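Data first, discussion second: the structure below is written as structure tokens.
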């Protein structure tokens, strides 16, 4: 990933505030040309600065009001096989490899306690999974966010200047 300058950071922040912004709207908001915004967006996309361009859908709208975190303890030599099997469980919305005593932390959504029990059983049935520990989320207190971090990094980089806008961007 290329190093983000202050203009890149301002562009990312503007997208956090208004994700549906067009290149023209972003250009107007930031005082840049449309070509600069378009070139920088392409470069940011190529460097994997964006995690996704999809909308986050509330699982409650899909009839899955419960969220749980499942700690999976497994045989490391079977990690790839287990992850492939877990990838087939639609209620698993995210999974992370962990350091420490837990091998995987799996985020699941479910319809009710019986559904959670079923999902946990499906995970336990994967060859190489030794045990699981399940915690029910009582509420999301801090949703996924990146804007505060963007603000801090932007402040640390100092004020933007004309040198931040490449001549190639203006072409």
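A short reminder: the numbers here are calculations on the coordinates, not readings from a lab. Everything numeric in this text was worked out from a predicted model, so none of it was measured. Don't worry about glycine lacking a Cβ; one is built from the backbone with ideal geometry, like all the others, and counts go over all protein chains shown.
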Next on the checklist: How much length would be gained if the chain were fully extended between residue 99 and residue 73, taking 0.36 nm per residue of separation minus their Cα-Cα distance, in nm to one decimal?
Outcome noted: 8.2 nm
Checklist outcome for this item: Once the mean of 1/r over all distinct C-alpha pairs in region 47-102 is inverted, the Kirkwood radius in Å reads 14.0 Å
Checklist entry - Using helices alone, what [θ] at 222 nm do you get for the chain, with -39,500 (n - 2.57) per DSSP H run of 4 or more residues, divided over all residues and rounded to the nearest 500? => result -11500 deg cm²/dmol
Checklist entry - Working out 0.36 nm times the residue gap between residue 51 and residue 118, then minus their Cα-Cα distance, what length gain in nm do you get to one decimal? => result 21.1 nm
Checklist entry - Per residue, what volume in Å³ does the Cα convex hull of region 59-136 take up? => result 76 Å³
Checklist entry - Any idea how far apart residue 136 and residue 22 come out in nm if each label point goes 7 Å out from Cα toward Cβ? => result 4.8 nm
Checklist outcome for this item: quick shape note, region 1-137: Cα extents on principal axes in Å, largest first -> 56, 35, 22
Checklist entry - Counting pairs of Cα atoms in region 1-49, how many percent are more than 13 Å apart? => result 52 percent
